[in-house]
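Comments concern the structure below.
Since every read-out is calculated from the coordinates, none of them should be taken as a lab result. Quick caveat: nothing in here was measured; it's all calculated off a predicted structure. So basically every Cβ, Gly included, is an ideal-geometry build from the backbone, and we count neighbours across all protein chains shown.
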Amino acid sequence: MSDSSPAIEVRELAKTYAGVTAVNKVSFTVGQGEIIGFLGPNGAGKSTTMRILTGFLPATSGSVEICGHSVAADPAAIKRLIGYMPENNPLPEDMRVGEYLHYRGRLKEISRKKLGPRIDEVLELCDLKRVRHRIIGKLSKGYRQRVGIADAVLAEPPVIIMDEPTIGLDPHQILIVRDLIASLRGRMTVIISSHILPEIEMTCDRVLIINQGRVVAAGTPAALRKEFLGANRYDLEVAGDPAELGALLTSLDPDVAVEEAAEPDADGFRKIVFTAPSGDIREALWSALAKDSRFRVRGLGRSRHTLEDVFLAATRRSWDATDAPASRPANVA
Amino acid sequence: MKHFPTILSHEIRMLLVSSSTYIAAVLFLALMGFIFTGILENYSHTPRELSPSAVFFQLFWIPVFFMVPLLTMKCISEERRHGTLETLLTAPVSTAEVVLGKYAAAYLLYLGLWAATGGFFFILTRFAPDSRFIDLGPLLGGYLFIAVSGLFFVAVGVFASSLSRNQAVAGILAFALLFALIIGLKFVGTLELLKADAMAPLRNVVEYTNVFRHLEDFSRGIVDTRQLLYYVSGGALALIFSILGVEAKLLHS
Ligand SMILES: Nc1ncnc2c1ncn2[C@@H]1O[C@H](COP(=O)(O)OP(=O)(O)O)[C@@H](O)[C@H]1O
Ligand SMILES: [Mg+2]
C-alpha cells in the first residue's frame, strides 16, 4: 500500500432497507490523513453509509475498499483497520472507564504489555485521567463522548469513523472534542458526520453534503461556497429612496441583485442585502454614496457565506432534482 | 476463538454486577432450601424407598424455569437495545465468539448456583451421619444430569435473547421454550394418540426426549451416550441458531 493510495474508496454504494432506499449510488474517495465530514439532514443516510464502511451492515450493491481491502470480502481485516464510534455512542453503563478501555484493548488485540501504557496515553489524549476509575453510567455526556473517542483511537487504526461525535454537547465540550479530532489530523484518516455546520467547517479538510442518500456536493468548504453561492454578498445600511439606490447600484455593476430590503427603522435607515457577482464594489459604492446627498450611509460590509448557506443551497438543489418528475422512474426502480 | 477468554471473563464480570443474577441466586437458593427441608421433614416421619437426593433432583425443573431466563435474558437483547452490539461486532471479534462467550458465562454461573446446593447435602452428612440419607450415587448422578442438561437449557435461553431487543420478551420466550421442552414433551408422551402401534416411531422420539426419564437414568448411574448426545446437540443447535439470529437481525436491521 503506497502512501498515495486512497484510504477509503467507495463506488456506487447503495443500501435499501425493506424497500426504503437509504443510500443511493454514493461514490467518493478519501485520501490518507484526511479529515472528512459527512453533512446532511436527519435521515440523509450518513449513519447507514458509515455502518457499511465498518462492515457492520452489508451493502445492497456497490463496493467499499478501505486501505485496499474490500469490506464485503474481508470483514476481519476491516475490523482491524477501523476505529468506530456509532451514533449515540453506546457504552456499557456499569463498567469503569479504565476497565472498559482495557476490555476494548484486549478485543482489539493490543498485547497485554502494550495495553497499559497505551491506555494511559489515550486517557491523557482525551483528558480522561480524572475519571479513570469512575463508572461510565455516571459520567456527564462530554466525558462519555470522550470515552467513545478514546475507544475509537485506542488501537491506533489508520481509519477512524465517528457518527455525530459532538451531538448533544455544550459549546465548551464541543470545543474539546473538536480539538481532539483536530489532534488526529495527519496521523489518521477521520470521517465524522454531523448536522451541525460550524463543527464540520472548522475540523474538516473536505465536506461531503449528503441528502436523501445521495452526495449532492463535495469539496473543501471554500470550494463549495464558490460553487453554490458564487456571488459576493453585501450588507448595506442606508437611508434614502430604494428605487434611486437601485439605479445607483446598477450603475456600479450591471448584474447587481437586491436580495432583501428591510423596512426603514425609526431613523429612516433600512438594511439592504444585495449580491454583485463581479469583483469587490465596496470602495466604489462607498465613495459614490458619500458624494450623493440623497443618501446617508451607516454601514457597509461584505457578508461571508457560511457553510450553512452552502448546505441549504445544496440540499435545496437536491430536493428540486428529486421532486422533478424526470428522476422519478430512477427512484422507483 | 482467540477472544473467547476475553469475552467470557468480561461476561462473568457483567453477570456478577447485574441485579438479575442476584435475584436469580436468592430465589434459587431460598426455593431449593425450602424444598430440601420439606423433603427432610417428610423423610423424618416416614421412611421412603427413594433417597432424598433423588427426590430433590426430581424438582430440578422448578428452578430451571426462572433461573435460566433470569441468567440469559439480558445477554444479547440488552447489547442490542443499548447499541453496544455495534461496537462489539465492529471490533475484531466474530459473532460466534460473542455468542459462545456469553453462553459459557451464563452456563458457568448456572453451574455455580447448583453447586451451592451441594452445601445442603454437606450439612446433612455432618449432622445426620445416618448413611440411609446420603446416597452418593444418585447425588452425583443428579449433579451430572444438571450439568449436562444445563448445556441445552442455557443455550435455549441465549437463543431467546438473540431474538428480541427487549429483555422481558426474551425472558418470557425462554420460559416458554423451556416449558415446552421439559413439560410439553413429557405431556405429549402421555397422549393416548401415541399409544397406537402406527405411532411407534414417533413415540420413540418423544420417549427419547423425555427429560424426566434422563434424570431417572442419571440418578441410577446409567449414563447413556444417546442422552448426552441429545443435550449436546440440542445445545449446539440452539447456539448455532443464536449466531444466525444475531447475524440475520443485522442483515435486516
Ligand atoms: N434499521 C432501519 N430500518 C429501516 N430503515 C432504516 C433503518 N435505519 C435507517 N433507516 C432509514 O434510512 C434512512 C437513512 O437513515 P440514517 O442513515 O440513519 O440517516 P442519518 O444518519 O443521516 O440521519 C432514513 O430514512 C431511515 O429512516
Ligand atoms: Mg445518523
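In summary, the lysines within cross-link reach of A:Lys25, defined as a Cα separation below 30 angstrom excluding same-chain residues under 8 places away, comprise A:Lys15, A:Lys46, A:Lys79, A:Lys226, B:Lys249. Mean per-residue shielding of peptide A:70-80 is 2, counting Cβ atoms of other chains within 10 Å of each Cβ. Compared with the dominant principal axis of the Cα atoms in chain B, helix B:136-163 is inclined by about 30°. With loop defined by DSSP as not H, G, I, E or B, and exposure as at most 16 other Cβ atoms within 10 Å, which is the longest segment of chain A clear of exposed GluC sites (Glu not before Pro)? The segment A:110-333 is the longest one with no such site.
Note that the stretch B:189-195 has calculated 3J(HN,Hα) couplings of x, 8, 5, 4, 3, 7, 6 Hz, one per residue in order, obtained from phi through the Karplus relation 6.51 cos²θ - 1.76 cosθ + 1.60 (θ = phi - 60°); glycine and proline are x. For the stretch B:160-190 versus the stretch B:55-85, the spacing of their alpha-carbon centroids is 10 Å.
Against chain B, whose longest principal axis is taken from its Cα atoms, helix B:225-252 shows a tilt of about 20°. The alpha carbon convex hull volume per residue for the stretch A:231-303 rounds to 77 Å³. In the elastic network of chain A, a GNM with C-alpha springs shorter than 10 Å, the most mobile of A:Met188, A:Met162, A:Met95 is A:Met95. Of the three principal axes defined by the Cα atoms of chain B, the extents in descending order read 61, 52, 30 Å.
Reported value for the stretch A:8-226: 118 Å³ per residue, from the convex hull of its C-alpha atoms.
Using a simple spin-label model with pseudo-atoms 7 Å out from Cα toward Cβ, B:Glu192 and B:Phe122 lie 5.2 nm apart.
Near B:Met73: Cβ cut-off under 15 Å, other residues only, Lys/Arg at +1 and Asp/Glu at -1. The net charge is +2. Spatially, the stretch B:90-113 and the stretch A:69-101 are offset by 18 Å when compared through their Cα centroids. Peptide B:78-88 has a mean shielding of 5, counted as Cβ atoms of other protein chains within 10 Å of each residue's Cβ. Amide H contacts under 5 Å for A:Ala217: A:Ile209, restricted to partners 5 or more places along the chain or on a different chain, H placed in the peptide plane at 1.01 Å from N.
Between B:Phe34 and B:Tyr22, the simple spin-label model (points 7 angstrom out along Cα→Cβ) gives 2.1 nm.
Computed over every Cα-Cα pair of the protein assembly as shown and binned at 20 Å starting from 0, the pair-distance distribution P(r) comes out as 17, 36, 26, 14, 5, 2, 0 percent. Here the sum of -39500 (n - 2.57) over DSSP H runs of 4 or more residues, divided by the residues of chain B, equals -25500 deg cm²/dmol at 222 nm, to the nearest 500.
Across all Cα atoms of the stretch B:89-158, the radius of gyration (one decimal) and Dmax (whole number) stand at 17.3, 59 Å.
Counts of other chain beta carbons within 10 angstrom of each beta carbon in peptide A:56-63 average 2.
Residues A:Val30, A:Val23, B:Val206, ranked from the fewest to the most other C-beta atoms within 10 Å, line up as B:Val206, A:Val30, A:Val23.
Computed about its Cα centre, the charge dipole of the stretch B:4-251 is approximately 260 debye, with only Lys, Arg, Asp and Glu carrying charge at their Cβ.
Just to confirm my numbers, what's the Cα centroid distance between the stretch A:152-230 and the stretch B:213-253 in Å? If we compute the Cα centre of each part, the gap is 48 Å.
Here is how the number arises for chain A: DSSP H runs of 4 or more residues each give -39500 (n - 2.57), the sum is divided by the residue count, and the result at 222 nm is -11000 deg cm²/dmol.
Within a 10 angstrom radius of the beta carbon, how do B:Val17, B:Val156 rank from fewest other beta carbons to most?
Listing B:Val17, B:Val156 from fewest to most nearby Cβ atoms yields B:Val17, B:Val156.
Specify the longest stretch of chain A that does not include any exposed loop site, a site being one of the trypsin sites (Lys or Arg not before Pro) with a non-H, G, I, E, B DSSP assignment and at most 16 other Cβ atoms within 10 Å. Counting only loop sites that pass the neighbour cut-off, the longest clear stretch is A:1-131. The alpha-carbon atoms of the stretch A:150-196 define a convex hull whose volume equals 72 cubic angstrom per residue. With r defined as the distance between the Cβ atoms of A:Glu121 and A:Tyr17 and R0 fixed at 56 Å, what FRET efficiency is calculated, to the nearest 0.05? For A:Glu121 and A:Tyr17, the calculated efficiency is 0.90. Listing A:Phe269, B:Phe34 from fewest to most neighbouring C-beta atoms within 10 Å gives B:Phe34, A:Phe269.
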